[in-house]
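Bear in mind that the values in this text are calculations on the coordinates, not laboratory data. None of these values were measured; they are calculated from a predicted model. With ideal geometry, Cβ positions are generated from the backbone for all residues, glycine too; neighbour counts draw on all protein chains shown.
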Amino acid sequence: MNVAEISKSENELVQNAKLMNEEFFLHAEYAVDFAHSFIKKVDPNSFYFLLFLSSFQKHIILAFLSAVRFHHIQTNFNLRFASEAAAWGSFAIGKNDPEKDKEKFALIDEDGMMNPNDDLKKKMYKWLDEKYPDGSASLKQYKGQTNALSSHANIVDAHRTSSGLVDGKFKTQFFDCSEDRHIKTDLWATANLVMGALDLFYGVNKDFNIFEFQEDFLEKMKILKTENDRLKEVMLSDPHLSKHKPKHDKK
């Protein structure tokens with residue numbers, strides 16, 4: 001295995017991705033850019049939100065890049081992480097006092113170190129469930145779907161890097177044996193998660209007002225949703241996908 005050659009091949013896949021899946025690529029690219037540009041002004045108390053927003057943005061980019069580099073499982077890992085970061089970010093909009101609320105995000109040990117805790121995560125989701133049930137359900141459904149598909153090793157995903165027997169020899173490869181529909185679905189899912197996360201941010205911020213959205217936010221959200229809905233119908237016109245309507249789409 002030549003790591004330098006793999007890196008070169010991955011770069012070529014990224015460079016050629018638009019030509020291979022143009023409308024889905026452009027849609028995901030629009031969503032990724034939107035996720036990095038929707039805020040106009042922030043309040044000093046938005047510190048915890050900005051931490052989680054940065055994490056969300058990073059893993060949305062990684063999901064996008066993983067999709068076009070034929071790494072479906074890696075795409076799902078990043079989408080799962082991004083959905084959790086979006087949930088924590090939404091919680092942080094409401095729990096925005098840097099001192100008073102810090103122990104709602106992690107336990108502080110005797111050395112002053114922050115330690116994440118599952119009980120705090122449960123409390124975070126409980127808060128979202130009670131105050132913003134639709135947005136919370138959307139993110140949890142997304143997380144649950146990625147958990148069910150590719151969070152753990154399984155025989156279906158194991159097939160992705162195998163070409164079976166070729167000339168009597170078992171052949172494997174680094175990149176997935178991806179068909180166009182797999183890449184398109186991953187790109188669509190990336191954009192769909194951006195739409196769901198930003199919609200929840202908008203709803204929570206209406207109650208706490210710790211940052212200001214760009215003037216064209218709602219217009220861009222409408223564009224994103226319209227195209228996401230259209231491309232979902234394109235995907236479902238594929239006979240291989242018509243029986244499998246995406247379960248985690250943000251309507």
Q) What's the exposure ranking of 152, 71, going from fewest to most Cβ atoms within 10 Å? A) 152, 71
**Q.** Restricting region 76-126 to GluC sites (Glu not before Pro) in coil, as DSSP defines it, with at most 10 other Cβ within 10 Å
**A.** 99, 110
Q: Just check region 1-156 against the gyration tensor rule for me: Cα atoms, a ≥ b ≥ c as the square roots of the eigenvalues, rounded for a/c under 1.5, and otherwise prolate or oblate depending on whether a/b exceeds b/c.
A: prolate
**Q.** J(HN,Hα) series, region 14-24, from Karplus relation 6.51 cos²θ - 1.76 cosθ + 1.60, nearest Hz, glycine and proline x
**A.** 5, 5, 9, 4, 4, 5, 7, 9, 3, 5, 6
(Q) Give me the percent relative contact order of the chain, please, defined on Cα pairs under 8 angstrom at least 6 residues apart. (A) 28
Q.
Using a 10 Å cut-off around each Cβ, can you sort 65, 79, 198 from fewest to most neighbouring Cβ atoms?
A. 65, 198, 79
Q. For region 26-135, which trypsin sites (Lys or Arg not before Pro) are in a loop by DSSP, counting at most 13 other Cβ atoms within 10 Å?
A. 100
Q) Excluding same-chain residues fewer than 8 positions from residue 131, which aspartates and glutamates have a Cα within less than 16 Å of its Cα? A) 199, 207
(Q) So for each of 184-195, 23-34 I average, over its residues, the number of other beta carbons within 10 Å; can you give me the resulting order with the highest mean first? (A) 184-195, 23-34
Q) Quick one: helix 72-94 against the long Cα principal axis of the chain, what's the angle to the nearest 10°, folded into 0 to 90? A) 10
Q) Can you sort 75, 146 so the residue with the fewest Cβ neighbours within 10 Å comes first? A) 146, 75
Q) Could you give the angle, 0 to 90 degrees to the nearest 10, between helix 47-68's Cα long axis and the longest principal axis of the Cα atoms of the chain? A) 10
(Q) Going through the cross-link list 100/126; 40/122; 18/58; 18/206; 123/184, which pairs have a Cα-Cα distance over 25 Å in this structure? (A) 40/122; 18/206; 123/184
Q.
Give me log10 I(q)/I(0) at q = 0.11, 0.15, 0.24 Å⁻¹ for region 51-117, Debye formula, one equal scatterer per alpha-carbon, no solvent.
A. -0.35, -0.57, -0.95
